[in-house]
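**Q** First the structure, then my questions, so here it is.
The values are calculated or read from the model by the stated rules, or taken from the named source; none is laboratory data. On a predicted model such as this, the values are computed, not experimentally measured, just so you know. Ideal geometry is used to build each Cβ from the backbone, glycine not excepted, and the neighbour counts take in all protein chains shown. Heads up: the accessible areas ignore ligands, DNA and RNA and are worked out on the full protein's heavy atoms, side chains in. Shrake-Rupley method; radii C 1.70, N 1.55, O 1.52, S 1.80 Å.
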Amino acid sequence: MNKIRFIFQTIRFYKRQHLAVLAGIILSTAIITGALVVGDSIKYSLRKITEARLGNIQYVLQSNDRFVRAQLAEELASELNVSTTSVLLLEGITGNPEKELRINRSQVVGIDSGFWNLNGLQIPEIGNDEAIISKHTAEKLNLKVHDDIVVRVEKISVIPVNSPFSVNEVPSEAFRLKIKAIADDDHLGRFSLKNNQVAPYNVFISKSLLWEKLDISGLANAILISDPKQKTPDIFNSTFEKVWQLKDAGIELKKLDDQGNYEISSDRIFIDKQISNAILDRKLPVGMILSYLVNTIRYKSNETPYSFVAAVSDNFYGKEIKEHEIIINQWLADDLSSAVGDTIELEYFIIDPLQNLKESSSSFIVKEIIPTENELIDRSLMPRFPGFAKAVSCMEWNSNIPVDMNRIRDKDEAYWNEFRGTPKAVISIQAGHQLWNNKFGDYTSIRFNDSIFAKAVSGKRLDPEILKTISPGDLNLSIADVKQSGIEASQNGVDFGQLFLALSFFVILAGIILTGMLYVLSLQKRLAETGILMSLGFTRKDILKNRVLENVIIIVTGSFVGVLVGIIYNYGLLMAVNSVWNDILRTSMMHVSIQPLTLFTGFISSVVLSFLVIYFITVKSLKQSAVSLINTGSQTFQTSKPNRKNNRITSLTGLAFHNVFQNKVRSLTTIVLLALGVFVLILTGANRKIVAETDSGNSSGTGGFKLWAESTVPFNYNINTDEGKEKLGLQDDPAFEKATFYPMLSLDGNDASCLNLNQVSTPTIIGINTSVFNERHSFSFDQLAETVDKMKPWPELDKSYGNNVIPGYADQTVITWGLMKSIGDTLLYTNEFGEELKIVLIGGLSASVFQGNLLISESNFRKHFPSINTSRLMLIDMQENKKSEVSNQLSQYLQDYGIDISSTSERLNQFNSVSNTYLSVFMILGGLGLLIGTIGMGIILYRNMLERRQEIAVLMAIGYTRKKIRYLLFTENVILLTTGIVSGILTAVMALIPSFLAPTYTLPESYLIIIIAGVYIHALCWIYFPLRKALNNNIINALRKE
Amino acid sequence: MKIVLEHISKKYPTAEKNVLEDVSLTIGSNETLAIIGPSGCGKSTLLNIIGTLDKPGSGTVSINDVDITSLNDTDTAAIRNEKIGFVFQLHHLLPQLNLLDNVLLPSLVLRDKTLKATSVSRAMELLETVGLADKIRQYPGQLSVGECQRAALVRALINQPELILADEPTGSLDQESAEQVGNLLLSIHQMFKVSLVVVTHAPLLATKMNTVYSLQNGHLIKS
């Protein structure tokens, strides 16, 4: 006989009790390990998705709304000895022409064979009439190889849409192509530069097709770089700065004559302010010109329509022009019958900050009349406005500025025919800035003479000096490490391991309580043994050591098996994620990843927890004296403390209550287990968000708006005006008469909503009209910074907090979970001018339709992103009964814009469905905890019945019928059940008080009543059936013992 | 071995009065002593105090002039293991161990290595003495109550104690078994020169002891 033998003999003898404890440990361990492995699996899967969407691409130069030379890719490749390819990234609308299926917001990628080569894929070149689509696109559109696909893309241009004098054109271009192949995930079917696990709907088409159709030959808006040696971004950017050319900055150099005169102009019409400011700052010897089309030049009753006027710097003209002076050519002088000294008026359109055309006028005094044919003031001063440059006659003019062709006279046509866009008048550059200064630029051309320039600037020319003066970063051009940032984003999103651990907390707690309870029950059978060992000279320490050693085997075995069960549990969880969430997260790419360290963590956590539970229970059990232990263990009746109050028991129900209070530990354990489970079920059920169609109040998450519209091709007309409606073809439809449209500007970023599992640092920015929201008191806030007026929060967004520091709002859940930030934190962006823009989070919205986006004011948006002047997003309001009609009609009229319209409540429900899914998981796990509680209650009850057989036998002997005994025992347990459920309900209600006080909260009463009723009935079953079994046993034998 | 109890009193929290009132007792070497009295009078309490299983409310208990009421758990456990052997009314053999292992249980924590080394041979001798040598592999569930009680007696003797405390050792036995156990107790006293204190209702057993005490209203009265 030795200690080991003693322990093993004991384990063998009490194996049933040990198995029960083992089961409890396995359960807790499985839940802990499963949760941790889920976290690893999701991180692993997101990383895999990042690698699938980027392939071999490590770095990217994205020029956003600009274009660079496609040739730049080869230059970078040559300098850095890396692989590159240039692409065109566009948004488009794709459709199956045979089945009327379409996808708005597809990603159209203009490529050549270099794209596949970069990624080591052997895929043949795509012809101009072909396309390769991703597997997701094929499934969505029900397409296969050799089918036709229609692709419509925004007609992008180097010229910003809505810059003055850009072309008033059809906004999109469509192609019908044959599907050559379908690219799965291994063939870059998931290609995307956005940090999102959602698979984009990709269509790969020929870059040369896009060059031809969009008139952007030789240009690209992204250069993809593969560098296995992984140089740093700094090396790439410094090399970029070395090889870039004026064309990459949107600048063109043109030789004007043989006298060394050159002109620098922008393919964006207006020269970027960064460039012109840099030139002016260096005080370089150049002439600055701003040319503009004026509607009318008037002298008394005479007027000349639609003429170009040039505002020039003195050093261009060669002499000073004062701000109130104007120089006119002879043709104009004759047409107006004006002379030197006369005051003539210029009338012109300007585009105000709200993109509205406003006619304005200014007067000038004629200083000089110059010949119409003039070496200095010639046709070359007219910028290459695309709507004018190729026009043969005035009738062919095409511009976003309205031109009344009825005003064009024959002599105007003749002037155009002979002199084209030769300015009829010249004013000072200062005057021109005052009148025609716009956010796109201050000048339309810069002229210099190379010999004069070289004398002034040590033998240099202007063009290379410009490239030295500005850097690509000034124009928001830089090469970024997308692979590294993508992987970081995938690994730093919400930690699902911790999340599931938290969601599983109650189950784990229930498992631990059950383990403890089962262990206590097993110890109770061995009380006498404990006392005897003490009487034989075993110290408490000896006994504790033995018990611990006995259970170490159980703990280690249970934890090990629990880890294995946890892996299976994790497979089940991920299966659920891949199926239940597939439609929302649009990925079924969640794969299991088993990390040994994680398994070890789960194992050790369980071992420690189980050890602590068993240790402390054992220590507590040893606190009694040996005598007490021996006597208690010897007793044939249930242990009970005396009734101190000595109250008489006068009924069976009273006896039931008495029995419940006698064994406080058991009763409390049962009540706590039940209460925990009910608490979790109610809390999660009560927080499920279902936005009813009637939840449309202004303060709700819909803001009181009825529809949310998103388009692929932006609207460049104000849809609220008659003119805008007419341009969009909506003018005759009465459905739109009472509808109000609220367009919003947006800068594309990463989706920060709950639909994106990756960490996001730069969500999409939306510029909103704060006065509209303020008047309507739209939306509500979970949190606002101290400095914000709680009654009028929206005007705060119009403020500026300093140089390039502005305020912003986002959904509170996005701030906390998507961005991992708090109120007062700052998000960093780069504005259009290459400057750092800090957006301070000053408020968190209650769940709204804006989830995933960052809101700033429209004024701040236009200030920092002036070239984005058109809207892809709109909120629409109308009478409730007109909603369907407006939605249907709008979808029909604007289908070429790729418009998606959803009701705002539907949109909110989509977001809510993800949070509801989390709550459902929590609820399921809570339900599991409750199940454990009811099973535990059943076990206690059955065990209790077995121990009380003798008591029951005595009761029968003294005349109690089985029915009365059944009633007594049933009542005891119903008291425990009811107390547990009521406790759970009360604690849940207390926890929900803040929700009750929230204005938008709605309690789902029916749902909760059904849940609680279900729990109660389930628990009653766990009382009834064990009771029946216990009472059916032979009582006579028990009586004999008594 | 000499055990001296001086002015021992003991009151249970739920009782109205002391169960033991100013009890003094001296137990010398090789003595036999019976304590009798009605049910619930405190006989077992007194026995438990003598055997260090319980502590008095007031008074002192000394063993070989050492005040045991001031000793810690480890020291009192050592006393119980080495000096005292208990026999209870219910044998309290551990069901998971066979007869031999049950008997050897006290030797697991014996500090005297020499004595520990000879435990098995000693156990076999004692089991031979009580007529259980052929049942060493059997478990308590396979033995009669009388056989279990005899085994409990052997367990109490395994570490060669100087005192045996028996609390109603024959209380659960039939007449024949009771007589057998009673005689065994006396034989063991004679063979091993151990002092014997027996709490009993059985007059026959009580009269076989050298001294009989009666516990009445908490007071110990020598009969």
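**Q** If the Cβ limit is 8 Å and pairs must be 6+ apart or interchain, which residue in region A:1001-1014 that is part of a helix (DSSP H, G or I) pairs with which residue that is modelled with pLDDT under 75?
**A** A:Y1007/A:G685; A:Y1007/A:R688; A:L1008/A:G685; A:L1008/A:A686; A:I1011/A:G685
**Q** Could you figure out which of (1) free of Cβ contacts under 8 Å to residues at least 12 places away in the same chain; (2) at the interface with chain A (Cβ under 9 Å from one of its Cβ atoms); (3) more than 27 Å from A:K525 (Cβ to Cβ) isn't true of B:D73?
**A** B:D73 satisfies every listed condition except (3).
**Q** Inside region A:202-220, can you point out the residues that are over 16 Å from A:V150 (Cβ atoms), open to solvent by 30 Å² or more (accessible area, probe 1.4 Å) and not in a loop (DSSP other than H, G, I, E, B)?
**A** A:S208, A:W211, A:E212
**Q** If you don't mind, there's one more thing I want to ask. Has region A:478-499 got any residue that is within 14 Å of chain B (Cβ to nearest Cβ), open to solvent by 10 Å² or more (accessible area, probe 1.4 Å), of a type outside the set (F, W, Y) and not in a helix (DSSP H, G or I)?
**A** No, region A:478-499 contains no residue that is within 14 Å of chain B (Cβ to nearest Cβ), open to solvent by 10 Å² or more (accessible area, probe 1.4 Å), of a type outside the set (F, W, Y) and not in a helix (DSSP H, G or I).
**Q** Follow-up question, since we're still on this one. Which residue is farthest from the chain's Cα centre (by Cα), if the candidates are limited to region B:208-223 and must be in contact (Cβ under 8 Å) with a residue 60 or more places away in the chain and closer than 15 Å to B:T32 by Cβ?
**A** B:S223
**Q** Test A:I269 against the criterion of being open to solvent by less than 10 Å² (accessible area, probe 1.4 Å) and under 23 Å from A:S445 (Cα atoms), and give yes or no.
**A** The answer is yes for A:I269.
**Q** How about region A:105-152: which of its residues are touching a Pro at 6+ places or on another chain (Cβ under 9 Å), aliphatic (A, V, I, L, M) and open to solvent by less than 10 Å² (accessible area, probe 1.4 Å)?
**A** A:I149
**Q** Which condition number in (1) more than 8 Å from chain A (Cβ to nearest Cβ); (2) β-branched (V, I, T); (3) exposed (fewer than 15 other Cβ atoms within 10 Å of the Cβ) is the one that B:I136 fails?
**A** In the conditions (1) more than 8 Å from chain A (Cβ to nearest Cβ); (2) β-branched (V, I, T); (3) exposed (fewer than 15 other Cβ atoms within 10 Å of the Cβ), B:I136 misses (3) alone.
**Q** Are any residues in region A:1-22 away from chain B (no Cβ under 13 Å) and free of Cβ contacts under 8 Å to residues at least 12 places away in the same chain, and if so, which ones?
**A** Within region A:1-22, just A:L19 meets the criteria.
**Q** I want to confirm something. Restricting to region A:527-543 and keeping residues that are in contact with a Gly (Cβ under 8 Å, 6 or more places away or on another chain) and more than 9 Å from chain B (Cβ to nearest Cβ), which single residue is modelled with the lowest pLDDT?
**A** The extreme case among them is A:L527.
**Q** Here is a follow-up. Which numbered condition trips up B:Q175, out of (1) away from chain A (no Cβ under 14 Å); (2) buried (at least 20 other Cβ atoms within 10 Å of the Cβ)?
**A** (2)
**Q** Moving to a separate point now. Please work out which residue is nearest to the chain's Cα centre (by Cα), limiting yourself to region A:107-124 and to residues that are farther than 15 Å from A:R53 by Cα and touching a residue at least 60 places away in the same chain (Cβ under 8 Å).
**A** A:G110
**Q** While we're looking at this one, here's another question. Could you list all residues from region A:869-892 that are open to solvent by less than 40 Å² (accessible area, probe 1.4 Å) and closer than 30 Å to A:E832 by Cα?
**A** Listed by number, the residues that qualify are A:N869, A:T870, A:S871, A:L873, A:M874, A:L875, A:I876.
**Q** Next up: Under the condition of being surrounded by fewer than 19 Cβ atoms within 10 Å (Cβ to Cβ) and in contact with a helix residue (DSSP H, G or I) (Cβ under 8 Å, 6 or more places away or on another chain), which residue from region B:99-114 is farthest from the other protein chains (Cβ to nearest Cβ)?
**A** That would be B:D112.
**Q** With respect to A:I842, is the statement that it is part of a strand (DSSP E or B), touching a helix residue (DSSP H, G or I) at 6+ places or on another chain (Cβ under 9 Å) and either open to solvent by 10 Å² or more (accessible area, probe 1.4 Å) or of a type in the set (V, I, T) (or both) true?
**A** When the stated conditions are applied, A:I842 passes them.
**Q** Does A:G55 fit the bill of being within 29 Å of the chain's Cα centre (by Cα) and within 30 Å of A:I594 (Cα to Cα)?
**A** Here the answer is yes, as A:G55 does meet what is asked.
**Q** If I go through region A:595-623 residue by residue, how many of them are of a type in the set (F, W, Y) and under 40 Å from the mean Cα position of the chain (by Cα)?
**A** 2
Conditions (1) aromatic (F, W, Y); (2) over 51 Å from the mean Cα position of the chain (by Cα); (3) open to solvent by less than 70 Å² (accessible area, probe 1.4 Å), marked per residue:
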position	(1), (2), (3)
A:Y299	yes, yes, yes
A:A310	no, no, yes
A:N315	no, yes, no
A:T343	no, yes, no
A:I350	no, no, yes
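**Q** Considering (1) under 24 Å from A:R666 (Cβ atoms); (2) more than 14 Å from chain B (Cβ to nearest Cβ); (3) open to solvent by 40 Å² or more (accessible area, probe 1.4 Å), say which one A:P464 fails and leave the rest.
**A** In the conditions (1) under 24 Å from A:R666 (Cβ atoms); (2) more than 14 Å from chain B (Cβ to nearest Cβ); (3) open to solvent by 40 Å² or more (accessible area, probe 1.4 Å), A:P464 misses (1) alone.
**Q** Could you tell me whether A:L855 is part of a strand (DSSP E or B) and more than 30 Å from A:I965 (Cβ to Cβ)?
**A** It is true that A:L855 is part of a strand (DSSP E or B) and more than 30 Å from A:I965 (Cβ to Cβ).
**Q** Of all the strands (runs of 3 or more DSSP E) wholly in region A:685-791, which have at least 3 residues that are hydrophobic (A, V, I, L, M, F, W, C) and crowded, with 16+ Cβ neighbours inside 10 Å?
**A** Fully inside region A:685-791 and qualifying: A:707-715, A:740-747, A:764-768.
**Q** Out of region A:611-626, which residues are within 14 Å of another protein chain (Cβ to nearest Cβ) and either in contact with a Leu (Cβ under 9 Å, 6 or more places away or on another chain) or within 16 Å of A:I513 (Cβ to Cβ) (or both)?
**A** Hits for region A:611-626 are A:V619, A:L622, A:Q624, A:S625, A:A626.
**Q** Only one of these is more than 19 Å from the chain's Cα centre (by Cα), modelled with pLDDT of 90 or more, over 30 Å from A:S471 (Cα atoms) and not in a loop (DSSP other than H, G, I, E, B): A:I876, A:I815. Name it.
**A** Sole residue among the options that is more than 19 Å from the chain's Cα centre (by Cα), modelled with pLDDT of 90 or more, over 30 Å from A:S471 (Cα atoms) and not in a loop (DSSP other than H, G, I, E, B): A:I876.
**Q** Further question on the same structure: Within region B:21-53, how many residues turn out to be away from every other protein chain (no Cβ under 14 Å) and aliphatic (A, V, I, L, M)?
**A** 7
**Q** Related question: Considering each of A:I289, A:I264, A:I235, A:I223 in turn, give the residue that is closer than 16 Å to A:G473 by Cβ and assigned to a strand (DSSP E or B).
**A** A:I223
**Q** Would you call A:P866 surrounded by 19 or more Cβ atoms within 10 Å (Cβ to Cβ), more than 30 Å from A:A735 (Cα to Cα) and at pLDDT 85 or above?
**A** In short, no.
**Q** I'd like to verify a number: residues in region A:223-261 that are closer than 16 Å to A:Q62 by Cα, surrounded by 21 or more Cβ atoms within 10 Å (Cβ to Cβ) and of a type outside the set (D, E), how many?
**A** So the answer is 8.
**Q** Can you tell me which condition A:G511 does not meet? The list is (1) open to solvent by 10 Å² or more (accessible area, probe 1.4 Å); (2) over 30 Å from B:G51 (Cβ atoms); (3) modelled with pLDDT under 90, and all the others hold.
**A** Only one criterion in (1) open to solvent by 10 Å² or more (accessible area, probe 1.4 Å); (2) over 30 Å from B:G51 (Cβ atoms); (3) modelled with pLDDT under 90 is unmet by A:G511, namely (1).
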